[in-house]
Amino acid sequence: MLVLRRLARAGRRRGLAARGLASGAPREAADAVVVGAGVVGLAAARALAMAGREVVVVEAAPSFGTGTSSRNSEVIHAGIYYPPRSLKARLCVRGKEMLYKYCEETGVAHKCLGKLIVATGVAETAKLDMLQRNAKENGVDDLQLMVGSQAMELEPELRCLKALLSPSTGIVDSHSLMLSLLADAENLGTTISYNTAVISAHVGSGGIELYVCESKELQNYPVGSHVNPQLVLLPKLLINSAGLSAVPLARQFSGLDRAFVPTPHYARGCYFTLSQTKSPFRRLIYPLPEDGGIGVHVTLDLNGLVRFGPDVEWISDDGKDPVSCFLNRFDYLVNPARCNVFYPVVRKYFPNLKDGSLEPGYSGIRPKLSGPGQHPSDFVIQGEDAHGIPGLVNLFGIESPGLTSSLAIAEHIVSRYL
Ligand SMILES: Cc1cc2nc3c(=O)[nH]c(=O)nc-3n(C[C@H](O)[C@H](O)[C@H](O)COP(=O)(O)OP(=O)(O)OC[C@H]3O[C@@H](n4cnc5c(N)ncnc54)[C@H](O)[C@@H]3O)c2cc1C
């Protein structure tokens, strides 16, 4: 917020307000602006700053990482599931390598625990072979197929017929990761403005005008009403890394052909924690993927606490106006009754799960570009080569494995769009 005031004052001093909108909002030139301080926005800001750009990060919330980046499984994925040559496959595999290296160099807490993908029914066993072949095409060639007894020797509480061991899957402390990325970016001169929302933009070959206001100004706006900007930023480069809001925000970009703005779909994923303190597992345990997600799995955090999730609950976007998205007014409530769905699913591979041992945890929402029953969509990283607007990069559909891929997404942006 300080930045907004500072920039606004600077604009007034230089008489820029006279060139402003009808509202008289001051205008200020900027080099690179990143919208959103989630793990991807922070990684992008750091990479741009490392490439010598002067970066401003504009974040609607009072702090970094309050969106999807703090509502996930914190798993460093190996790159097993995604279609060969897709962005998800390439950026996950590259991102995993970069992330392990970065964590080792900076001391960000992480653990390469390994994971078992398990088949519990005869019909599922062939799918493990398919996954192994797919992973190999993605460059993941360390998977080991094993019979149930071998897997159960590794994990005595597990029940399965066959399993695929992924030794390079791990976990990371996502908050420490973001803190470290932020510190790197700030040390290289990046400025971050919290409580500041981008409300719309005008984009075109003549440049980008980004309309910004304090988030508190949005609090009491009736749904659908017009919001006046308090500042107009004029960036040479704009990275729309607004996570769940990236599509609703791009819809507010006048000058961007709507053909380049995909339809968003949202799927909530709830987690339940295990009340017992001692973990029954040492590795992550995953069933086979399901429609919209990769199955209700066992994840462990760095303190060894166990959680099960996330499930998939498609939520409607109907009536959600952009301002509600920018203020993250999504429904994150975990309905305790959903545990009735979790018990039978988890007991397929963990039969000793006791009644009453699951407690509601937290939820996250996936920013998807494909709806129920549709073929899973890829990440969309859209620059001038796609939509024709110089300096505009939209990041759409950055769902899982976005955390794993964050450093590689940033590398991709720098290599293609600088
Ligand atoms: C249930 C679940 C489990 C997952 N598990 C994993 C996993 O184990 N491993 C993995 O690799 N990935 C996982 N993911 C995916 C991963 O969490 C995301 O891909 C990643 O966090 C996306 O980061 P982001 O920076 O794009 O978005 P976000 O973290 O959502 O950040 C976007 C930011 O933009 C801000 N913003 C929004 N609108 C505006 C605006 N108008 N103006 C200014 N700021 C704005 C928001 O406040 C927010 O801080 C999971 C996701 C979910 C939902």
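The values are calculated or read from the model by the stated rules, or taken from the named source; none is laboratory data. Because the structure is a prediction, the values reported are computed rather than measured. Cβ placement follows ideal geometry from the backbone for every residue including glycine, while neighbour counts extend to all protein chains displayed. Heavy atoms of the whole protein, side chains included, go into the accessibility calculation; ligands, DNA and RNA do not. Shrake-Rupley method; radii C 1.70, N 1.55, O 1.52, S 1.80 Å.
Worth a mention:
- Restricting attention to the range 257-288, the residues that are open to solvent by 60 Å² or more (accessible area, probe 1.4 Å), assigned to a loop (DSSP other than H, G, I, E, B) and not charged (D, E, K, R) total 3.
- Against the test of being open to solvent by less than 60 Å² (accessible area, probe 1.4 Å) and not aromatic (Phe, Trp, Tyr), the options ARG347, ARG338 yield a single qualifying residue, ARG338.
- Qualifying residue in the range 305-312 (condition: surrounded by fewer than 16 Cβ atoms within 10 Å (Cβ to Cβ), part of a loop (DSSP other than H, G, I, E, B) and of a type in the set (D, E, K, R)): no
- Test: residue in the range 32-40 that is more than 18 Å from ALA408 (Cβ to Cβ), touching a residue at least 24 places away in the same chain (Cβ under 8 Å) and more than 18 Å from the chain's Cα centre (by Cα): yes
- The residues of the range 157-200 that are away from the ligand (no atom under 12 Å from the Cβ) and either in a loop (DSSP other than H, G, I, E, B) or basic (Lys, Arg) (or both), listed by number, are GLU157, LEU158, ARG159, CYS160, LEU161, LYS162, PRO167, SER168, ASP173, LEU188, GLY189, THR190.
- The number of residues in the range 250-297 that are at pLDDT 95 or above, aliphatic (A, V, I, L, M) and under 16 Å from LYS368 (Cβ atoms) comes to 3.
- Taken over the range 373-396, the residue count meeting the criterion of being within 16 Å of the ligand (Cβ to nearest atom), open to solvent by 10 Å² or more (accessible area, probe 1.4 Å) and farther than 19 Å from ASN138 by Cα is 2.
- In the range 350-360, the residue that is surrounded by the most Cβ atoms within 10 Å (Cβ to Cβ) out of those that are within 29 Å of GLY148 (Cβ to Cβ) and not basic (Lys, Arg) is LEU358.
- None of LEU188, LEU177, LEU165 is of a type in the set (A, V, I, L, M, F, W, C) and open to solvent by 40 Å² or more (accessible area, probe 1.4 Å) except LEU188.
- Residue in the range 341-359 that is within 12 Å of the ligand (Cβ to nearest atom) and part of a loop (DSSP other than H, G, I, E, B) present: no
- The number of residues in the range 221-246 that are open to solvent by 10 Å² or more (accessible area, probe 1.4 Å) and either farther than 17 Å from THR196 by Cα or without any contact (Cβ under 8 Å) to a residue 40 or more places away in the chain (or both) comes to 6.
- Taking the criterion of being within 12 Å of the ligand (Cβ to nearest atom), surrounded by fewer than 19 Cβ atoms within 10 Å (Cβ to Cβ) and assigned to a loop (DSSP other than H, G, I, E, B), the residues of the range 50-94 that qualify are PRO62, SER63, THR66.
- Hey, ALA61 of a type outside the set (Asp, Glu) and modelled with pLDDT under 95 or not: no
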